[in-house]
Amino acid sequence: MKKSLTVIATLVLLTNICVVAQKGDKPGIVQLQGPQNPMLGFVIHGGAGVISKGSLTPEKEKEFRAKLEEAVLAGYRALQAGKSSLDAVEIAIRIMEDSPLFNAGKGAVFTHDGKNELDASIMNGKDLSAGSVAGLRHVKNPITLARAVMEKSPHVMMIGEGAEKFAAEQKIELVDEKYFWTQHRWDALQEVLKEEASPRSNVQSPKPGLHGGKASELPSNRFGTVGAVALDKDGNLASGTSTGGMTNKKYGRVGDAPIIGAGTYANNATCAVSGTGWGEYFIRLTVARDISALMEYTALPVQYAADRVIKTKLQNAGGDGGVIVLDKFGNIGMSFNSEGMYRAYIDKDGKPVVAIY
Ligand code: ASP
């Protein structure tokens with residue numbers, strides 16, 4: 001009996017691997033990466049969406065690549081210096097939050113009524129502790145506040161004014177709303193509002209705050225959320241995600257980035273995940289936790305688990321976006337069903353690798 005159960009379990013696992021492997025040669029699928037430095041692992045993303053070749057000027061592409069490299073190296077150096085995976089995640093995300101290139105911190109997208117509302121979360125794979133914040137308007141680095149919620153409060157999630165009051169108590173930097181304003185995000189909102197007002201628009205959607213077609217098809221929606229996953233010298237995994245959400249979101253809308261299990265998840269027994277994409281789908285499909293669960297219950301390798309959820313489940317549900325995943329051995333999985341995803345990782349020789357398409 002026991003023997004036949006083992007045979008069945010092995011067959012199920014092999015079938016899983018074959019099903020996903022068959023899809024492995026489609027464009028956009030990232031091939032399996034080998035382990036990096038076996039002790040350390042670090043991967044970041046700067047958002048997924050319509051980032052086709054030619055949609056970025058050579059200068060802009062250079063800027064993105066340079067900032068991604070700076071952030072991935074900063075996180076990795078922290079790990080090399082013996083800092084924790086949580087430190088590395090926070091350090092890299094802060095760099096991207098401070099850059100207007102990304103939709104997080106400075107450079108966040110605008111809500112329907114022209115405000116910036118920021119969400120972020122962080123999770124510790126060692127003990128499954130987590131912190132998350134949503135609807136912030138004055139916190140310069142939401143990822144730092146998410147970490148404070150995890151480490152300095154008895155809670156997991158804090159929102160809006162209460163979260164900002166806690167930030168002030170914790171001496172976390174607050175800024176004027178104007179700090180987050182950028183011309184390109186403002187123009188993107190105007191473009192969507194114009195499209196929404198046009199009679200033939202497909203932007204108007206039965207679902208408030210969402211777009212009719214694929215969200216990433218709108219030029220203004222190149223997403224741009226940032227995230228990081230890390231494995232430190234003690235074998236601890238951590239993940240974090242920070243975002244301004246989606247352009248033209250309704251007041252008070254919260255996406256997947258601060259929802260533990262949707263946009264962020266980390267568990268030392270399986271993997272660390274950070275996602276970017278159409279948040280409503282990531283929440284409904286609990287994307288990040290689903291990848292971890294696949295690895296936990298079927299022992300699926302990290303890239304296959306990521307592809308199974310993004311290229312099959314998310315794709316079939318009509319959502320779009322991507323994830324970065326790191327397993328407990330430092331193996332990397334990256335998967336997206338959008339045209340591109342800003343991403344960077346440290347390869348097995350300790351060198352940074354940056355990719356967009
Ligand atoms: N996932 C984010 C949200 O829905 C958007 C993004 O990834 O850019 O809030």
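For the stretch 90-102, backbone phi angles converted through the Karplus equation (6.51, -1.76, 1.60; θ = phi - 60°) give residue-by-residue couplings of 5, 4, 5, 5, 4, 4, 6, 4, 7, 9, x, 5, 9 Hz, Gly and Pro being listed as x. Footprinting exposure proxy ranking of LYS165, LYS311, fewest other C-beta atoms within 10 angstrom first, gives LYS165, LYS311.
At q = 0.18, 0.24 Å⁻¹ the log10 of I(q)/I(0) for the stretch 92-193 amounts to -0.79, -1.22, computed by Debye summation with a single uniform scatterer per C-alpha, solvent ignored. Quick one: pull the percentage of alpha-carbon pairs in the stretch 305-357 with a separation above 14 Å. The calculated P(r) of the stretch 305-357 puts 56 percent of pairs beyond 14 Å. Could you pull out which residues in the stretch 132-147 have an amide N less than 20 Å from a spot 7 Å beyond the Cα of ALA168, following the Cα-Cβ vector? Under cut-off, by backbone N: 133-147. Stretching the chain fully between SER52 and GLU69 yields a gain of 4.1 nm (0.36 nm per residue, less the alpha carbon separation).
Note: the stretch 149-203, Cα convex hull, 134 Å³ per residue.
The amide H of GLY340, built 1.01 Å from its N in the peptide plane, has GLY49, ILE51 as neighbours under 5 Å, considering only residues 5 or more places off or on other chains.
Between SER274 and ILE324, the built amide H atoms are under 5 Å apart, and every one of these is 5 or more places off in sequence or on another chain. Computed from backbone phi with θ = phi - 60° and the Karplus coefficients 6.51, -1.76 and 1.60, the 3J(HN,Hα) list for the stretch 162-177 is x, 5, 6, 5, 5, 4, 4, 4, 8, 6, 8, 4, 10, 10, 5, 3 Hz; x is used for glycine and proline. Against the empirical 2.2 N^0.38 Å scaling, what ratio does the C-alpha Rg of the stretch 235-350 come to? The stretch 235-350 yields a ratio of 1.01.
Computed from the coordinates by the stated procedures, all read-outs in this text should not be read as laboratory data. Fair warning: this is a prediction, and the values are worked out from it, not measured in the lab. Note that each Cβ is placed from the backbone with ideal geometry, even for glycine, and that neighbours are counted across all protein chains shown.
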